[in-house]
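No value in this document is a laboratory result; all are computed from the given coordinates. As the structure is a computational prediction, the values presented were derived from the model and not from experiment. Ideal geometry is used to build each Cβ from the backbone, glycine not excepted, and the neighbour counts take in all protein chains shown.
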Amino acid sequence: MINVIWLGFIAIGIIVALVTGNAQVITDAALASADTAVELSIGLIGVMALWLGLMKIAEEAGMVRALGNALRPIMKFLFPEVPDDHPAMGAIVMNMAANIFGLGNAATPLGIKAMKELQKLNDEKDTATNPMCTFLAINTSSLTLIASSVVAYRAAAGSTNATEIIGATIIATIASTIAAIIAVKLLQKLPIFNKTEKEAVQKN
Amino acid sequence: MFVKFMETISVYAIPLIILIIPIYGFIKKVKVYEAFTEGAKEGFTTGVTIIPYLVAMLVAIGIFRASGALDILVSVVSPITNLFGMPAEVLPMALMRPLSGGGASGIMNDLFTTYGPDSLIGRMASVMNGSTETTFYVLAVYFGAVGIKKTRHAVPAGLIADVVGLLTAVFVTNLMFK
């Protein structure tokens, strides 16, 4: 899936550009995007170190585990494959809380921390597990209740009521998150997405 | 009221978390400074690990965006989205949203300039932008950080969520503001 999409972006993009005589913009875009990607990754290091450091303290103090336990019924439904008391649960709860309250800077490092914990439970290190896919889909569906950057853009553009979109945004956010959960839970049962896991079982 | 409450939380949450975690750890006899540096060590390697994944993703999306292929996609998809009550003007933003957060915000600001933030188009773009995430960026960063290459059903599930979120945004905006 990801291979087809990735190739699709590049192949369609370059073919369209060649047909329309835009070859130079492709070169510029490719080089500029590669630069941006490195800048973004390096830019994450500081904030990531901060949150991974705090999370280590929280973990050793038993806070991460307690957080996971606090929401156990929901977490058990969303991530049945993750054992009780596993630190992944606490990290996931913290990532979701940060997302809901719009703390984007904290949400990404906490989400990466959660992925690292989920990876410890993974037998096949290059293949996503069910809990990883569920966690990712929920994150890509957006959990943020107050879209503060959109409100700021609206205010800057001279809106008379910049916050009036919040109610509608919350409804759409909830709908997309529910759709994400239903979609992962159904798709993970499909044989085409299951194949690699079966192979892993056979190898063991 | 609710907005005020959420804004207050957003402002105070981080300082309080940075205060409470080390204090609680200290009470629990954790060597807080040592534990912090031990955890923070991973920050650098994680950032560097993400680089190849993000380069792959952003270069592909960058090429696609620059080529003008999105305009062609808009003309193909707009007859369908019109049926759902989505004006053709907001479609480019909807298609851009999962690919590039900055790109989508750029289109949204153009729509604000052309039609005004309080027009139906301006409101719809706002709701769409606020209720979805940059799916491919999240995928590259989160899976990249742990070296996941085979993404299984994560991408289709994420895209289904995007479509549902965008269409809900259209319906709700038409219902509330038309």
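Would you report the distance distribution of C-alpha pairs in the stretch B:37-131 as whole percents per 10 angstrom bin, up to the bin with the largest distance?
14, 36, 26, 14, 8, 1
With only alpha-carbon pairs counted, each pair once and no self-pairs, how large is the Kirkwood hydrodynamic radius of chain B in angstroms?
When all Cα pairs of chain B are included, the Kirkwood radius is 19.3 Å.
Net charge within 10 Å of A:R65 by Cβ-Cβ distance, Lys/Arg positive one each and Asp/Glu negative one each, not counting A:R65 itself?
Charge balance in the 10 Å sphere: -3.
For the stretch A:1-46, report the convex hull volume of the alpha-carbon atoms normalised per residue, in Å³, without decimals.
Per-residue hull volume (Cα only) is 63 Å³.
Please report the net charge: other residues with Cβ closer than 14 Å to the Cβ of A:T36, K and R +1, D and E -1.
Here the charged neighbours net out to -2.
Of the residues B:T113, B:T81, B:T46, which exhibits the maximal mean-square fluctuation in a Gaussian network model of chain B defined by a 10 Å Cα contact cut-off?
Of B:T113, B:T81, B:T46, the Gaussian network model singles out B:T113 as fluctuating most.
When a footprinting reagent is the concern and you count Cβ atoms within 10 Å, what order do B:L111, A:L67 take, fewest first?
In order of increasing Cβ crowding within 10 Å: A:L67, B:L111.
Would chain A count as rounded, prolate or oblate if I go by the C-alpha gyration tensor, calling it rounded below 1.5 in a/c and otherwise prolate when a/b exceeds b/c, oblate otherwise?
Judged from the Cα gyration tensor, chain A comes out oblate (a/c at least 1.5, b/c at or above a/b).
Taking each residue of A:90-99 in turn, how many C-beta atoms of other protein chains fall within 10 Å of its C-beta, and what is the average?
1
Relative contact order, percent, of chain A when contacts are C-alpha pairs under 8 Å separated by at least 6 residues?
Here the relative contact order equals 15 percent.
Once you list every other residue whose beta carbon is under 13 Å from the beta carbon of B:G39, what net charge do they have if Lys and Arg are +1 and Asp and Glu are -1?
-1
For the pair B:M1 and B:T45, how long in nm is the line joining their label points, each one 7 Å along Cα→Cβ?
My value for the distance between the label points is 5.1 nm.
Could you check how many percent of all C-alpha pairs in the stretch A:100-204 are farther apart than 22 Å?
47
With a 10 Å Cβ neighbour count serving as the proxy for reagent exposure, in which order, fewest first, do A:L190, B:L99, B:L83 appear?
Arranged by neighbour count, lowest to highest, A:L190, B:L99, B:L83 become B:L83, A:L190, B:L99.
For the protein assembly as shown, what does the convex hull of the Cα positions come to per residue, in cubic angstrom?
Hull volume normalised by residue count: 146 Å³.
Please give the charge dipole size of the protein assembly as shown, origin at the Cα centre, charges +1 on K and R Cβ atoms and -1 on D and E Cβ atoms. Round to the nearest 20 debye.
Result for the protein assembly as shown is approximately 740 debye, rounded to the nearest 20.
Could you tell me the extents of the stretch A:138-190's C-alpha atoms along the three principal axes, largest first, rounded to whole Å?
Cα spread of the stretch A:138-190 along its principal axes, largest to smallest: 48, 15, 12 Å.
Per residue, what volume in Å³ does the convex hull of the Cα atoms of the stretch B:77-178 enclose?
For the stretch B:77-178, the hull spanned by Cα atoms encloses 90 Å³ per residue.
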